[in-house]
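The values are calculated or read from the model by the stated rules, or taken from the named source; none is laboratory data. The structure displayed is predicted, hence computed values, not measured ones. Positions of Cβ are backbone-derived with ideal geometry, glycine not excepted, and every protein chain shown enters the neighbour counts. Surface areas here come from the heavy atoms of the whole protein model, side chains and all, with no ligands, DNA or RNA. Shrake-Rupley method; radii C 1.70, N 1.55, O 1.52, S 1.80 Å.
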Amino acid sequence: MTLHILSCTGEAVAPYLEDLARLRTTVFRDYPYLYEGSTDYESDYLMAYARSPRSVFVLALDDQEVVGAATGIPLLDDQVAFQLPFRKKGYALEPIFYFGESVLLHAYRGKGIGHRFFDERETHARRNGFKQTVFCAVERDEHDPRRPPEYRSNDGFWAKRGYQRQRDLFCELSWRELGQEEASPHLLRFWSRSLEF
């Protein structure tokens, strides 16, 4: 295993959009997302990152194969669905940097890559003058019968990174779950960290 981390920004992310779409549809098939990937959605969603000059992709590569990725984008440059909860609460969007996903194939987990993903994105956000980083994660009932016995949430990891679970900041996204014919709405809760210290 010759693992290394590569960061790229703005238009330089374009060659990796297909890799990220593949990783998203692979990793998010698992609980808690149970995502039945859509090529059209992936293309539309990821193009926002290529258009934004201050976006970032942090890639984990094993030799030349992309085995993991984490993304970030100024909240002002992202989809309205992610902006709306902050607008409704009266937040200024300009100082907020939004972390998209952190996706990593199973074989590469537990090697500190998740921390590197956060380190690199936080450094990028600070370098670009952002004061706050946020992300959101799907909410599931803890007694959901589809929850695998070995499942462990990332809440503890995020809290150790200094992120706070927001009591009243949610967005709603629709996707088709495995085995469903139609897309259904899902509630995602925001987590937030101040970069001012």
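In summary, Y31 fulfils each of the numbered conditions (1) closer than 22 Å to S153 by Cβ; (2) in contact with a strand residue (DSSP E or B) (Cβ under 9 Å, 6 or more places away or on another chain) with the single exception of condition (2). Residue under question is R165, and the condition is that it be part of a strand (DSSP E or B), open to solvent by less than 90 Å² (accessible area, probe 1.4 Å) and among the charged types (D, E, K, R); does it hold? So R165 does not fit the description; no. Q132 meets all of the listed conditions (1) of a type outside the set (A, V, I, L, M, F, W, C); (2) at negative phi; (3) open to solvent by 80 Å² or more (accessible area, probe 1.4 Å) but one, namely (3).
Taking (1) free of Cβ contacts under 8 Å to residues at least 60 places away in the same chain; (2) assigned to a strand (DSSP E or B); (3) under 24 Å from R54 (Cα atoms) in turn, P185 satisfies each apart from (3). With respect to (1) under 16 Å from the mean Cα position of the chain (by Cα); (2) at pLDDT below 95, the lone exception for E65 is condition (1).
Would you please list the contacts, defined by Cβ atoms under 7 Å and residues six or more apart or on different chains, that run from a residue in segment 115-140 that is touching a residue at least 24 places away in the same chain (Cβ under 8 Å) and assigned to a helix (DSSP H, G or I) to a residue that is open to solvent by less than 60 Å² (accessible area, probe 1.4 Å) and basic (K, R)? So the pair list comes out as F118/R161.
Criterion applied to W175, W158 was being at pLDDT 95 or above and surrounded by 13 or more Cβ atoms within 10 Å (Cβ to Cβ), and the one residue passing it is W158.
Looking at segment 1-112, the strands (runs of 3 or more DSSP E) lying wholly inside it that each contain 1 or more residues that are open to solvent by 10 Å² or more (accessible area, probe 1.4 Å), touching an Asp or Glu at 6+ places or on another chain (Cβ under 6 Å) and of a type in the set (G, A, S) sit at 3-9.
Of the residues that make up segment 172-179, is at least one in contact (Cβ under 8 Å) with a residue 24 or more places away in the chain and within 18 Å of F99 (Cα to Cα)? Within segment 172-179, one or more residues are in contact (Cβ under 8 Å) with a residue 24 or more places away in the chain and within 18 Å of F99 (Cα to Cα).
Can you pull out every residue in segment 141-197 that is of a type in the set (S, T, N, Q), within 21 Å of V27 (Cβ to Cβ) and within 20 Å of the chain's Cα centre (by Cα)? Scanning segment 141-197 gives S153, N154, S174, S184.
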